[in-house]
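Readers should treat all values here as calculations from the given coordinates under stated rules, not as data from a laboratory. Predicted model only: the values in this text are computed from it and were never measured. Cβ: placed from backbone, ideal geometry, glycine included. Neighbour counts: every protein chain shown.
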Amino acid sequence: MGQITKMSCIQLDEQDGLSALREEFVLPPEVIYLDGNSLGVLPKKTSLQMKTAIEKEWGQGLIRSWNQADWIHMPQRLGDKLAPLIGANEGEVIITDSTSINIFKVLVAALRLNATKNVIVTESANFPTDLYISESVITMMGCERRLIPEGESNIEKFIDDSVAVVLLTHINFKTGEIYDMERITQKAHMLGALVVWDLCHSVGAVPLHLSQHGVDFAVGCTYKFLNGGPGAPAFVYVKKSLLPSLQQPLTGWMGHAKPFNFDIDYQSAKDISQFLCGTPPILSYTAIDTSLDVFAKVDMHVVRDKSIKLTQLFIDLMEQECADYQFQLITPKDANSRGSMVSFTHPEGYPIIQALIANGVIGDFRAPNILRFGIAPLYLRYVDIWNTVQYLKKIMETSEWNHPKFKTREAVT
Ligand SMILES: *Cc1c(COP(=O)(O)O)cnc(C)c1O
């Protein structure tokens, strides 16, 4: 590989078939946003659509809008709109609650379904909420949890015929490593276990084929790569054949077969609506609606192709420009095992990220020492990666990071 220059990055942008999509988003000038895997950016159409929902549907329509604007079916309708992004069929996805709450619902439902077994397999390197929720679920259900140690590459080794459920995150939130969903799902099924995939860092970043791989359950956020807005409700996917026999534990009235009969006894809906609990936050759904419109215009294979090129450029440029500064790449070098992020460890990770943010480059820090850069191909340019690495180089060269103002930790890192 020859020397990479700013000019060669600009040329890549000129040849980029996705470059026009940048226009769909509000991107503050002077900011390079590498945190779209934590909180996605604002799509331009979202403000107007929310204004309409607030002023017309809520302000004028009032309670009539549950029917007239079809608010009542937004969780199912937007679930169907999201389904193609994860390779699911109509009626298999619903938007509701948070990922944390959905993990609880699917874990308990899966354990009840696979009641002759009592082990949950998950991994210490999982996202904390997956660990914390599964911890509570095993206490509640009188089950056991088998934790795969951090750094263990043979996941399948931990699955045997005592396992009821395997709960894994498809793309690791710190390293960006991708698990082989098809292979692990197959192995679990062979031994009679159900699988739950957490897709928070996958949806909107890589093509997914849940139905094709026979996945039982999946959950994921809409506020990361999907740009649904801060705290936007999450999704649940359930394989259609499982739906009639499930018992979802949070039996709120919205998951009832006939909520407006106001029956005394709970009768679960038999379709994906059984994963609803309470009244859906309609304004947040409105934002998800417009953010999914942008994805309807793209082929996820094209997005993935650009994502790989951007992450590769980042890795190559760090080697070319910042080799002197102790950054250790923790993201897989093999593009097929790498999600849409690039992470490095550095002993001074926190102040370095703070100095970068002060320069307008927004990445994030994950304890204890990880600098994490999310790569959202819908709006990032190759030249943004070039500029990011140049800022990083400047911060290291001048020891700008070593200023006391960059060393105080805020509540959200
Ligand atoms: C971001 C993330 C979550 C977040 O869950 P919330 O309930 O939305 O806070 C869960 N799992 C993974 C893997 C994540 O990356």
Counting pairs of Cα atoms in the stretch 158-248, how many percent are more than 20 Å apart? 38
Among the aspartates and glutamates, which have Cα under 19 Å from the Cα of LYS407 when same-chain residues fewer than 8 positions away are ignored? GLU348, ASP364, GLU397
Sequence neighbours fewer than 8 away in the same chain don't count; with that in mind, list the lysines whose C-alpha is under 27 Å from LYS239. LYS81, LYS105, LYS117, LYS157, LYS187, LYS224, LYS258, LYS270, LYS297
Which whole-Hz couplings ³J(HN,Hα) result when phi for each residue of the stretch 339-349 is put into the Karplus expression 6.51 cos²θ - 1.76 cosθ + 1.60, θ = phi - 60°, listed in order with x for Gly and Pro? x, 9, 8, 10, 10, 10, 9, 7, x, 10, x
How big is Rg to Rh over the chain, alpha-carbon atoms, Rh as the Kirkwood inverse-mean-distance radius? 0.99
Amide H of VAL195: which non-local residues (sequence gap of 5 or more, or other chain) have their own amide H closer than 5 Å, using H built in the peptide plane? VAL166, ASP216, PHE217
Calculated from backbone phi, Karplus (6.51, -1.76, 1.60) coupling profile of the stretch 249-263 in Hz, x at Gly/Pro: x, 8, 7, x, 5, 6, x, 6, 4, 9, x, 8, 7, 6, 5
How big is the Rg/Rh ratio for the stretch 26-66, C-alpha atoms only, Rh by Kirkwood, two decimals? 1.22
Quickly rank 298-305, 195-202 as a protection proxy: mean count of other C-beta atoms within 10 Å, highest first. 195-202, 298-305
Within the chain, what percent of beta bridges assigned by DSSP are antiparallel, to the nearest 5? 55
Taking the Cα centre of the chain as origin, work out the dipole magnitude from +1 charges on Lys and Arg Cβ and -1 charges on Asp and Glu Cβ, in debye rounded to 20. 480
Report the local net charge at ILE308: Lys and Arg +1, Asp and Glu -1, summed over other residues whose C-beta lies under 11 Å from its C-beta. +2
Lysines with Cα under 18 Å of LYS405, excluding same-chain neighbours fewer than 8 positions away: LYS394
Relative contact order %, the chain, counting alpha carbon pairs below 8 Å whose residues are six or more apart: 21
Can I get the semi-axes of the stretch 30-146's equivalent ellipsoid? Compute them from the C-alpha gyration tensor as square roots of 5 times the eigenvalues, in angstrom, largest first. 35, 21, 14
